[in-house]
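Report on one structure; see the data block that follows.
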Amino acid sequence: MYDVSKDFRKFYKNCVVLQSEKQQNLRDKKDLNIKRLEDGLDLYNQEHDTHYAIAEKRVQGSMAMATVVQNDSNDYDIDVAIVFDQNNIGDLSPLQARRLVCKALEKKCGQFKVTPECKTNCVRIQYADGYHVDFAVYRRFREEGSSEYSYEHSGGSKWTARDPAAITKWFQDEVKDNGTELRQVVRLSKMFCKSRNGWVNMPGGLIQSVLCDEVFASEYSRIDEIFYHTMLNVRDRLQESTEVYNPTDPDISLLTAQNHYDKMDNWLSRLNDKLEKLSVLESDDCTYKEAVAAWETFFNHSFWSELGTSLCECASIQKSVFSDTEEYIEDLVSINDCYNVDIKCQVEANGIRKQFLSRFLEAYPQFYKLIPHGMKLHFEAVTDVPNPDAIWWKVRNVGEIAERKNDIRGQIEKKWWNYKTENTLFGGPHFVECYVIKNGECVAMKRISVHIGEASV
């Protein structure tokens, strides 16, 4: 198979994976709306003399599985499990439980053009820019003699047994067994299913994740080969059967309506069509231009069309001058972003006392809101996680200067303390992230941008 793995990795990193700043935006929206729900629930309790209280909150879906991909319409969904104790919500029906959450949100979402909507499986907050937050409502209880909770989801008209953490744990375990390439394949598959505006009736991320895992082409080493052969395997599997079962409960189908089966048929039809265009990759006389054109046809993305020139071909084979060693937290531990963490940044230099960054930038307008060279940056993580096991850090240098100096960094430092000190060595847009680790999970994370200018102190 023709090797375009270098370009493929670049496509995945730059065009498929959602940028870290947008991921932080999603987390911020999640945190903000959980706070709205909690505050709204307090008001509801005061008005109705009730005592409803959230027992657990857990991110689920693509955010928890770290399979979110870019899209031009900003149609990003954030799924949050809201769990009540059964003895707290009493004999509320599933619909009544969803309506309770909806009414609580309404008290704090008056500025939204669209009021919170009570849907069949969740309560949705819709943003004007395309984002939406889905609150899935659960109740928990302990069976007699058990120390573990059982969970039920308020979907439809009846409470249904479902653990909000089960699917995420299943996927994380599969990634551990198969390698991080499995997550990459899932993201690439989702990118393909979103590649045309007219493809509105395609299967969701969970179904794609289950099938990609089931037929994952682990015998290959290059990511372009792994993805290509996994898609071939998915096509063959769908030709045999379009049925898909819950990996945590094989007796339950993930296809619960005729529309779901229609989506599987659409997926099969479109894979059949576009995979045929990729067959040129297996030809012994395939050229770079033909390979790029084939992937452009498959993904329908400008990245590939822009590569289809002779100049780009030369650039493609030119050895990179920098080493991209960036690591991603989702490849190291499971994500359960249920707590909060903030990063406080202070700066100091010879002749300049230690002070918070915002105050420094206000006091020295001559730097045009940029941090000059020759300063020390002191980062401190402040979190509400009780007794965290560790706090890890990542520093990422971005831009032409960082690449020229071969100092883009991005490795995750497994520190055990809540502070980190860096020096401002060269200009460019950089960022720092911290991850709070507890019981083998990342339970809180935060990103802060650091913009360094050309001036010196």
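The values are calculated or read from the model by the stated rules, or taken from the named source; none is laboratory data. Owing to the predicted nature of the structure, the values given are computational and were not obtained by experimental measurement. A quick note on method: Cβ atoms are made from the backbone with ideal geometry, for glycine too, and the neighbour counts reach across all protein chains shown.
Numbers for the structure displayed
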{"quantity": "Conditions (1) part of a strand (DSSP E or B); (2) surrounded by fewer than 20 Cβ atoms within 10 Å (Cβ to Cβ); number of the one not met by Gln46", "calculated": "(1)"}
{"quantity": "Evaluation of Asp129 against (1) acidic (Asp, Glu); (2) over 24 Å from Lys190 (Cβ atoms); (3) surrounded by fewer than 13 Cβ atoms within 10 Å (Cβ to Cβ) (one fails), failing number", "calculated": "(2)"}
{"quantity": "The range 233-245 residues that are in contact (Cβ under 8 Å) with a residue 40 or more places away in the chain, paired with ones that are part of a helix (DSSP H, G or I) and of a type in the set (Lys, Arg) (beta carbon under 6 Å, 6 or more apart)", "calculated": "none"}
{"quantity": "Members of the range 338-374 that are outside any strand (DSSP E or B), of a type in the set (D, E, K, R) and either out of contact with any Leu (no Cβ under 7 Å at 6 or more places or on another chain) or not assigned by TED's automatic domain parsing to the domain that holds Trp392 (or both)", "calculated": "Arg359, Glu362"}
{"quantity": "Residues that are in contact with a helix residue (DSSP H, G or I) (Cβ under 8 Å, 6 or more places away or on another chain) and either exposed (fewer than 14 other Cβ atoms within 10 Å of the Cβ) or over 18 Å from Ser189 (Cα atoms) (or both), drawn from the range 255-268", "calculated": "Leu255"}
{"quantity": "Residue match in the range 179-188 (condition: modelled with pLDDT under 95 and in the same structural domain as Leu254 (by TED's automatic domain parsing))", "calculated": "yes"}
{"quantity": "Residues satisfying the stated conditions in the range 76-105, i.e. outside any helix (DSSP H, G or I) and within 25 Å of Lys169 (Cα to Cα)", "calculated": "Tyr76, Asp77, Ile78, Asp79, Val80, Ala81, Ile82, Val83, Phe84, Asp85"}
{"quantity": "Top-ranked residue of the range 184-206 - restricted to ones that are farther than 17 Å from Lys277 by Cα and either of a type in the set (Asp, Glu) or surrounded by fewer than 18 Cβ atoms within 10 Å (Cβ to Cβ) (or both), ranked as nearest to the chain's Cα centre (by Cα)", "calculated": "Gly204"}
{"quantity": "Candidates Val385, Val443, Val432 - the one that is surrounded by 13 or more Cβ atoms within 10 Å (Cβ to Cβ), assigned to a loop (DSSP other than H, G, I, E, B) and under 23 Å from the mean Cα position of the chain (by Cα)", "calculated": "Val385"}
{"quantity": "Test for Arg124: is it more than 30 Å from Gly198 (Cα to Cα) and outside any loop (DSSP other than H, G, I, E, B)", "calculated": "no"}
{"quantity": "Residue list for the range 299-330, restricted to those being in a helix (DSSP H, G or I) and either of a type in the set (Phe, Trp, Tyr) or at pLDDT 50 or above (or both)", "calculated": "Phe299, Ser302, Phe303, Trp304, Ser305, Glu306, Leu307, Ile329, Glu330"}
{"quantity": "Out of Glu225, Glu243, sole residue that is modelled with pLDDT of 95 or more, of a type outside the set (S, T, N, Q) and surrounded by fewer than 16 Cβ atoms within 10 Å (Cβ to Cβ)", "calculated": "Glu243"}
{"quantity": "Test: Asp129 is in contact with a Lys or Arg (Cβ under 7 Å, 6 or more places away or on another chain), assigned by TED's automatic domain parsing to the domain that holds Val83 and not β-branched (Val, Ile, Thr)", "calculated": "no"}
{"quantity": "Residues of the range 133-183 classified as polar (S, T, N, Q), surrounded by fewer than 19 Cβ atoms within 10 Å (Cβ to Cβ) and over 23 Å from Tyr328 (Cβ atoms), total", "calculated": "5"}
